[in-house]
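K.L.:
Attaching a single structure in structure tokens format; questions to follow.
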Amino acid sequence: MDFLKIPENATSKSFFDDAKKYLPGGVNSPVRAFKSVGLSPIFIESADGSKVYDIEGREYIDYVGSWGPMILGHNNPVVKKAVFETAEKGLSFGACNHLEVKLAELICDNVKQVEMVRMVNSGTEAVMSCIRAARGFTGRNKIVKFEGCYHGHSDALLVKAGSGAMTFGEPNSGGVTKGAVEDTLLARYNDVESVNKLFEENPEEIACIIVEPVAANMGLVIPEEGFLESLRSICDENGALLIFDEVITGFRLCFGGAAEYFGVTPDLVTYGKIIGGGMPVGAYGGRKDVMSFVSPLGPVYQAGTLSGNPIAMAAGIAMLTQLLNEPSIYDDLAAKCEYFVKNLKELTNFEVVGIGSLACVFHQTGKVKNYEDALKSDTENFARAFKILLENGIYMGPSQFESVFFSTEITYEDIDKTISVYKKAFEK
């Protein structure tokens, strides 16, 4: 198969030049364009363990992990074996298969907050469908989201508050109409009063609160003590549902995700590609009475031709079974993350945060507890550091507002090398 071969003398730059002729901006997802760091993207050819390799053969320690799901590292042999054996039987059926039942059973039997689950194809689809279910169940239209929390690219969630005011949303993307976001209310992360105010101003109109329990799309912002508990109480008092968007934290902070980690039970939860071992997949689930409103049981319509794809289900079962059977994995990941954070804090006065297997280096000295704080970061300084890291074989997310993801395959030797390169970056 000649199309699988890299042309002789090809470079990431030559591929990017070609890509710009056929793909908007040369990419299939904006962050890959490296615009915020003023560089051309690297094109990855392969990955294994803690490393990725570009088409020119350069090796990088990978802290992106396909944006989270590669918690067991790249090319995990158990996951890979499950994929290969399932692919031998067919790539897609568009019909019921036994693997989707097994994965659903694995999740529902071991995750307290999930009594029933629906498989979809992405985190965006999971969130969009979950909110529809919440609206259908409550009979209400309005939703509360938080500035800086990313919930995919569906229209109603691409909003921000003007001048930080907690008011009706304004579209934050071309092609999103005011009508699409008029029922989206914005609150400030870690600010319970901003949430209470919205409920006071919109009595019996709010269907749900959706939140990243650990905000990992404005850098990494950890919930302050009592914040998530307060959201739970506010929903209970006002007849609204609480949705945890665990596309990033699900099965990563611990097997039960942020809900188990913080001891706060949401009504609904969304998951991303970690439940498919890195394959394109997502899911939403939660209380059985709410999920029973989803078609064909109830009136809330949601469908997907490729939902429950057998290869993705097999990869997910292989991935989650390992995580479930080896709980020490989470202790190992947390120890590596803590080691990374501790050593970086000794090198700089920047704000370095970590929780579980997630971390972030904010290029600022102030404490970051919300989106407004995150925006104070020095993005030019980050871009300079990113370039030094990349040149020295360290692959991070190409934006100040992305998190660092640890995998079991990242070694202390990898971390020590990363720290030494950061030292160079901080000294310049």
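K.L.:
Give the number of residues within the range 34-65 that are touching a residue at least 60 places away in the same chain (Cβ under 8 Å) and in contact with a helix residue (DSSP H, G or I) (Cβ under 7 Å, 6 or more places away or on another chain).
P.N.:
So the answer is 8.
K.L.:
Looking at the range 135-147, can you tell me whether even one residue there is in a loop (DSSP other than H, G, I, E, B) and open to solvent by less than 30 Å² (accessible area, probe 1.4 Å)?
P.N.:
yes
K.L.:
Just to verify a result, which residue in the range 2-17, among those that are among the hydroxyl-bearing types (S, T, Y) and assigned to a helix (DSSP H, G or I), is farthest from I55 (Cα to Cα)?
P.N.:
S14
K.L.:
Here's something else I'd like to know. I need every pair where a residue in the range 280-304 that is on the phi > 0 side of the Ramachandran plot has its Cβ under 8 Å from the Cβ of a residue that is charged (D, E, K, R) and open to solvent by less than 30 Å² (accessible area, probe 1.4 Å), sequence separation at least 6 or different chains.
P.N.:
Between residues of the range 280-304 that are on the phi > 0 side of the Ramachandran plot and residues that are charged (D, E, K, R) and open to solvent by less than 30 Å² (accessible area, probe 1.4 Å), the close pairs are G286/D267.
K.L.:
Something else about it: Could you pull out the residue among F362, F386 that is in contact (Cβ under 8 Å) with a residue 24 or more places away in the chain and within 26 Å of F227 (Cβ to Cβ)?
P.N.:
F362
K.L.:
Here is a check on your reading of the model: is I131 within 25 Å of I206 (Cβ to Cβ), of a type in the set (V, I, T) and either part of a helix (DSSP H, G or I) or in contact with a His (Cβ under 7 Å, 6 or more places away or on another chain) (or both)?
P.N.:
Spelling it out, I131 is indeed within 25 Å of I206 (Cβ to Cβ), of a type in the set (V, I, T) and either part of a helix (DSSP H, G or I) or in contact with a His (Cβ under 7 Å, 6 or more places away or on another chain) (or both).
Listed here are the residues, each with its yes/no results for (1) under 24 Å from the mean Cα position of the chain (by Cα); (2) β-branched (V, I, T).
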position: E204; (1), (2): no, no
position: I209; (1), (2): yes, yes
position: A216; (1), (2): yes, no
position: R232; (1), (2): yes, no
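K.L.:
Name, by its number, the condition in (1) over 16 Å from the mean Cα position of the chain (by Cα); (2) open to solvent by less than 10 Å² (accessible area, probe 1.4 Å) that does not hold for E224.
P.N.:
Here E224 meets the rest and fails (2).
K.L.:
State all residues of the range 227-250 that are part of a helix (DSSP H, G or I) and open to solvent by less than 10 Å² (accessible area, probe 1.4 Å); if no residue qualifies, say none.
P.N.:
If the condition is that a residue be part of a helix (DSSP H, G or I) and open to solvent by less than 10 Å² (accessible area, probe 1.4 Å), then F227, L228, L231, I234, C235 are the ones that fit.
K.L.:
Considering only the range 11-31, how many residues are under 13 Å from P398 (Cβ atoms), in contact (Cβ under 8 Å) with a residue 24 or more places away in the chain and either open to solvent by 70 Å² or more (accessible area, probe 1.4 Å) or more than 27 Å from the chain's Cα centre (by Cα) (or both)?
P.N.:
0
K.L.:
Cβ contacts < 9 Å: first residue free of Cβ contacts under 8 Å to residues at least 40 places away in the same chain and of a type in the set (S, T, Y), restricted to the range 193-208; second residue outside any helix (DSSP H, G or I) and open to solvent by 10 Å² or more (accessible area, probe 1.4 Å), any location; separation 6+ or different chain. Result?
P.N.:
That search, which allows pairs on different chains as well, returns S194/M166; S194/R188.
K.L.:
While we're on this one: For the range 254-265, what are the residues that are among the hydrophobic types (A, V, I, L, M, F, W, C) and open to solvent by 10 Å² or more (accessible area, probe 1.4 Å)?
P.N.:
Across the range 254-265, the qualifying residues are C254, F255, F262.
K.L.:
Restricting attention to the range 98-121, which residues are open to solvent by 40 Å² or more (accessible area, probe 1.4 Å) and among the polar types (S, T, N, Q)?
P.N.:
Matches in the range 98-121: N110, N121.
K.L.:
Name every residue in the range 409-423 that is open to solvent by less than 10 Å² (accessible area, probe 1.4 Å) and outside any helix (DSSP H, G or I), in order of residue number.
P.N.:
Listed by number, the list holds a single entry, I410.
Condition check ((1) open to solvent by 40 Å² or more (accessible area, probe 1.4 Å); (2) within 25 Å of P69 (Cα to Cα)) across all residues:
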| residue | (1), (2) |
| --- | --- |
| E338 | yes, yes |
| F362 | no, yes |
| E372 | yes, no |
| S407 | no, yes |
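K.L.:
Okay, moving on. For the range 291-336, what are the residues that are open to solvent by 40 Å² or more (accessible area, probe 1.4 Å), closer than 20 Å to L106 by Cβ and assigned to a helix (DSSP H, G or I)?
P.N.:
Passing the criteria: T321, L324, N325, S328.
The values are calculated or read from the model by the stated rules, or taken from the named source; none is laboratory data. These numbers were taken from a predicted model, which means no experiment stands behind them. Quick reminder, even Gly has a Cβ in these numbers, built from the backbone with ideal geometry, and neighbours come from all protein chains shown. When the accessible area is computed, the model is the full protein with side chains, heavy atoms only, and any ligands, DNA or RNA have been set aside. Shrake-Rupley method; radii C 1.70, N 1.55, O 1.52, S 1.80 Å.
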